[in-house]
Amino acid sequence: MDQRTFSLPKRQPRSAETTKAPRKGRSEIGNQSLIRGLRILESYTSSKQSWGVRELGRSLEINAATTYRLVSTLADRGYLEKNPDTQKYHLGPKVVQLAANYSMQNSLIEISLRVFAKYEAQFPYNFYVGVMGPEDVTYIAVYESRGPLKITTEVGQSVNLYSSALGRLLLSYESDEFIEKLLARKPIEKITPLSLTSQKELMRQIRQIRKNGYAVNRGEIYEEIAAVATPITGGNGTVVAGVALCFPLHYLEIKKVDLEEIIRLARIIADEISSANRSTVIK
């Protein structure tokens with residue numbers, strides 16, 4: 001297979017949506033100024049790295065005066081920086097500091113990358129660790145192997161909860177009530193022709209994942225890509241994250257890879273990461 005490259009957008013797999021800032025998808029409870037400030041920071045993606053104040057306000061549906069005040073405060077604190085040539089704002093050094101602090105205090109990231117490197121020869125494709133956010137899965141560790149599959153993915157990027165193997169895996173450890181409330185504020189989207197489209201089918205798969213202990217995605221984020229996800233557990237046995245192994249979907253059809261073998265390997269890797277992470281004390 002010739003090497004193929006896929007680029008994963010920051011928040012949604014459909015490129016048409018990556019030039020817009022995230023909009024309100026539900027009623028937001030809490031300090032409104034803080035929420036708006038966080039929404040401003042979340043607007044910066046790999047495909048949209050700078051914003052003008054008015055442009056940002058229109059996208060977030062915040063009036064210009066409020067947007068200017070919030071952007072100025074974030075810039076004063078180092079979370080945003082202003083480009084003197086364009087007069088637009090981009091992320092500042094304080095964001096990098098926060099990301100570095102997170103990486104330092106989260107042993108799971110370093111452990112996962114070390115374990116992934118160990119299994120690269122056995123599985124020459126892509127490895128991910130993801131955690132569940134309010135409405136999607138965020139990658140905290142990414143390991144791209146040297147094989148024929150290249151998915152350009154950055155740490156901090158996110159994927160759909162319903163269509164990804166990681167998303168459905170992590171959802172399966174939540175209650176049915178939790179999933180129903182999530183569906184009420186964030187409906188299912190059809191990302192590829194192979195994506196599931198109904199709540200009934202999602203819940204059927206959730207029940208199957210609870211029974212099997214793993215999740216499989218067949219071309220639901222990209223038509224050409226398949227994935228298997230297994231859980232990473234913490235010290236008290238709760239699921240803290242998930243491991244995903246991604247590979248070319250048609251390799252299943254031509255029997256170049258065996259799904260059961262990939263599931264077995266994903267379980268081994270997740271168990272090894274879980275064990276190593278439990279033995280690490282975060283100070």
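Some observations on this one:
- Pair list, Cβ under 6 Å, 6 or more apart: the range 208-219 residue under 15 Å from residue 242 (Cα atoms), other residue not in a helix (DSSP H, G or I): 209/172; 209/215; 210/172; 214/230; 215/229; 216/228; 217/164; 217/227
- Top-ranked residue of the range 238-263 - restricted to ones that are modelled with pLDDT of 95 or more and β-branched (Val, Ile, Thr), ranked as nearest to residue 139 (Cα to Cα): 243
- Residue ID - nearest to the chain's Cα centre (by Cα), chosen from residues in the range 69-97 that are part of a helix (DSSP H, G or I) and closer than 15 Å to residue 39 by Cβ: 95
- Lone unmet requirement of (1) in a loop (DSSP other than H, G, I, E, B); (2) without any contact (Cβ under 8 Å) to a residue 12 or more places away in the chain for residue 260: (1)
- Residue identified as farther than 19 Å from residue 245 by Cα, in contact with a strand residue (DSSP E or B) (Cβ under 8 Å, 6 or more places away or on another chain) and in contact (Cβ under 8 Å) with a residue 40 or more places away in the chain among 140, 191: 191
- Residue check for residue 272: among the charged types (D, E, K, R), outside any loop (DSSP other than H, G, I, E, B), touching a helix residue (DSSP H, G or I) at 6+ places or on another chain (Cβ under 9 Å) and open to solvent by 20 Å² or more (accessible area, probe 1.4 Å): yes
The values are calculated or read from the model by the stated rules, or taken from the named source; none is laboratory data. All of these numbers come straight from a predicted model, not from anything done at the bench. FYI the Cβ positions are ideal-geometry reconstructions off the backbone, even for glycines, and counts take in every protein chain you see. Accessible surface is based on the protein model in full, side chains and every heavy atom, while ligands, DNA and RNA are left aside. Shrake-Rupley method; radii C 1.70, N 1.55, O 1.52, S 1.80 Å.
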